[in-house]
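For reference, the structure discussed in these notes is given below.
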Ligand SMILES: [Zn+2]
């Protein structure tokens, strides 16, 4: 496996230079083999640059629902929940390399915790902008 240029997880089946239009299953960056620099708008990613995409999310994880600690008090929403405060957000600086300012805010903007509740798993995303969800089949992913 080869590293995704956006999230650095080893999700590409071939080197990035050969992964034409491959969508990373972790960060959803569509590999754009035509980019000449990370600050060039990507047609494959609706004009977003690779640098912008790298700054859009800080954490993505999948938890087994049976063993998940769910903060029901701060939860807004049932199957797609958002949190302005959560256990995950309060421990973000300890768990990641995120930069926290003196006023307790995070760079580049306030991070928000999104959770997607499925039948057996909870998918957590910590991002400063709303994640974009698409529905596809195994053939399109
Ligand atoms: Zn990725």
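The values are calculated or read from the model by the stated rules, or taken from the named source; none is laboratory data. Since this is a predicted model, take the numbers as computed values, not measurements. Don't worry about glycine lacking a Cβ; one is built from the backbone with ideal geometry, like all the others, and counts go over all protein chains shown.
In this structure, is residue 39 away from the ligand (no atom under 15 Å from the Cβ), exposed (fewer than 11 other Cβ atoms within 10 Å of the Cβ) and at pLDDT 90 or above? Can you show your working first?
Numbers: away from the ligand (no atom under 15 Å from the Cβ): yes; exposed (fewer than 11 other Cβ atoms within 10 Å of the Cβ): yes; at pLDDT 90 or above: yes.
In short, yes.
Evaluate segment 49-67: report whether one residue or more is modelled with pLDDT of 85 or more, surrounded by 15 or more Cβ atoms within 10 Å (Cβ to Cβ), within 14 Å of the ligand (Cβ to nearest atom) and closer than 22 Å to residue 135 by Cα. Yes - at least one qualifying residue is present in segment 49-67. Filtering segment 89-118 to residues that are touching a helix residue (DSSP H, G or I) at 6+ places or on another chain (Cβ under 6 Å) and at pLDDT 70 or above leaves 98, 113.
Which residue is surrounded by the most Cβ atoms within 10 Å (Cβ to Cβ), if the candidates are limited to segment 1-24 and must be within 8 Å of the ligand (Cβ to nearest atom) and either in a loop (DSSP other than H, G, I, E, B) or over 16 Å from the mean Cα position of the chain (by Cα) (or both)?
Step one: list which residues in segment 1-24 are within 8 Å of the ligand (Cβ to nearest atom), which gives 4-9, 11, 24.
Imposing the further condition that a residue be either in a loop (DSSP other than H, G, I, E, B) or over 16 Å from the mean Cα position of the chain (by Cα) (or both) reduces the set to 4-9, 24.
Working: 4: 22, 5: 20, 6: 25, 7: 17, 8: 12, 9: 14, 24: 21.
Only one residue fits best here, namely 6.
Checking each residue of segment 68-87 against the condition of being modelled with pLDDT of 95 or more, more than 18 Å from residue 130 (Cβ to Cβ) and more than 16 Å from the ligand (Cβ to nearest atom) gives no match.
Across segment 25-36, the qualifying residues are those that are within 17 Å of the chain's Cα centre (by Cα) and surrounded by fewer than 18 Cβ atoms within 10 Å (Cβ to Cβ), and the one among them that is nearest to the ligand (Cβ to nearest atom) is 26.
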